[in-house]
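The next block holds one structure in the form of structure tokens; read it before the comments.
The numbers here are math on the coordinates, done by the rules we state, and not lab data. Since this is a predicted model, take the numbers as computed values, not measurements. A quick note on method: Cβ atoms are made from the backbone with ideal geometry, for glycine too, and the neighbour counts reach across all protein chains shown.
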Amino acid sequence: MPSLKDLRLRIRSVKSTQKITSAMKMVAAAKLRRAQEQAEAARPYADRLGRMIGSLAGSFGPGEAPALLVGNDSPVHLVLFATADRGLCGAFNTSIVRETRAMIRELEAAGRQVKLLPIGRKGRDLLRKEFGDRYVDTLDFMGKKKVGFADVETAAVKVRQMFDAGEIGAATIIFARFKSAISQIVSRRQLIPATIPEAKPSNAANSAQAGPQALYEYEPDEEQILQALLPRNLSVQIYTAVLENFASEHGARMTAMDNATRNAGDMINKLTLNYNRQRQATITKELIEIISGAEAV
């Protein structure tokens, strides 16, 4: 049984840990608000860009579409996976790494070769021993308070260069899509071939409410515009995925630190109760010894 001194030291240690986790929770909450605003602001642009590419792609016949829209014959599939640069965010990193392993097994079972491009230190370190020989490059954001478009452009340039050289035939990014502070959904997004949004079904009633549909004339022609938009769309899709992952990381860390703070409070209560009981038992024992000694005299 631990002594009273040991219990006091343990209570003091847990209280110090509780202060740290509480502070980290508040910092994560402040960062989450900014990251969430940044991720939500990028979504409309990415969605609109995808719809425009889908509209332009419809004007090409079989075999006429640009390579980024249809891929190539290379058997190599590049998998980008975005994780955090730091830990203390619960199962956030391990869930993305688990999904990455699952996708690698699926691709290998289909006879594809897999190359990896980790984004974030934690995922890179977790899979280095197992798949380190498949890394084509690495990217992290240590020391950056805010992720900018230029920060992820290097990854997009690397993907385009590998595709243009025929080293890869397809590319997918795995990340955590932000839903709320307590919910992050691990998702896959196909980068090459470019994903074309499906047209929403419409009926007569919806068409009547929407009014006449706009007709667009492109200048220069559709092919030149699409050749310019597809590389930018690749960069935008990677950038929005990283922003979603960044917001998800702070949400997961805030939730993890909140749980840690609550658990520390419960532990402090249990230790304090144990301390008080042991202290009371010690005092009672001393009183009994004093009384017994007095009666013996």
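Under a crude label model (7 Å from the Cα following the beta-carbon direction), how far is E37 from R8 in nanometres?
With each label placed 7 Å out from Cα toward Cβ, I get 4.8 nm.
Quick one: go through region 17-59 and flag any residue whose amide nitrogen is under 19 Å from the point 7 Å out along the Cα-to-Cβ line of E153.
42, 45-46
Can you give the longest stretch of the chain with no exposed loop site, where a site means trypsin sites (Lys or Arg not before Pro) in a DSSP loop (not H, G, I, E or B) with at most 16 other C-beta atoms within 10 Å?
The longest such stretch corresponds to 147-297.
Which of A35, L69, L7 sits farthest toward the positive end of the charge dipole of the chain, with +1 on the Cβ of Lys and Arg and -1 on the Cβ of Asp and Glu?
Working it through, the farthest residue towards the positive pole turns out to be L7.
What are the ³J(HN,Hα) couplings of region 139-151, residue after residue, when phi is run through the Karplus curve with 6.51, -1.76, 1.60 and θ = phi - 60°? Round to Hz, x for glycine and proline.
8, 9, 10, 4, x, 9, 7, 9, 8, x, 4, 5, 5
Using the alpha-carbon atoms, what tilt in degrees (0 to 90, nearest 10) does helix 4-57 show relative to the longest principal axis of the chain?
10
Angle between the Cα long axis of helix 222-296 and the longest principal axis of the chain, 0 to 90 degrees, nearest 10?
Long axis of 222-296 versus the principal axis of the chain: about 10 degrees.
Among A281, Q18, A252, pick out the residue whose Cα is farthest towards the positive end of the charge dipole of the chain, where Lys and Arg carry +1 and Asp and Glu carry -1 on C-beta, about the Cα centre.
Of the options given, the answer is A281.
Name the longest site-free stretch of the chain, where the excluded sites are chymotrypsin sites (Phe, Trp or Tyr not before Pro) in a DSSP loop with no more than 16 other beta-carbon atoms within 10 Å.
Values: sites that count: F60, Y216, Y218.
The reported range is 61-215.
I need the GluC sites (Glu not before Pro) found in region 1-98, filtered to DSSP loop residues with at most 15 other beta carbons within 10 Å of theirs. Intermediate results must be reported in sequence, preceding the final value.
Details: sites: E37, E40, E64; in loops: E64.
Of the GluC sites (Glu not before Pro), the ones in loops of region 1-98 whose Cβ has at most 15 other Cβ atoms within 10 Å are E64.
About its Cα centre, how strong a charge dipole does region 94-168 have in debye, to the nearest 20, once Lys and Arg get +1 and Asp and Glu get -1 at the Cβ?
Values: 16 positive and 12 negative charges, 71 e Å.
It works out to roughly 340 debye.
Roughly how big is the chain's charge dipole about its Cα centre, with Cβ charges of +1 (Lys, Arg) and -1 (Asp, Glu), in debye to the nearest 20? Could the numbers behind the result be given before it?
On the way: 42 positive and 32 negative charges, 396 e Å.
Charge dipole of the chain: 1900 debye, to the nearest 20.
What number, rounded to the nearest 500 deg cm²/dmol, is the helix-based mean residue ellipticity at 222 nm of the chain, given -39500 (n - 2.57) per DSSP H run of at least four residues and division by all its residues? Show your work: numbers first, answer last.
On the way: 7 runs with 185 residues, N = 297.
It comes out at -22000 deg cm²/dmol, rounded to the nearest 500.
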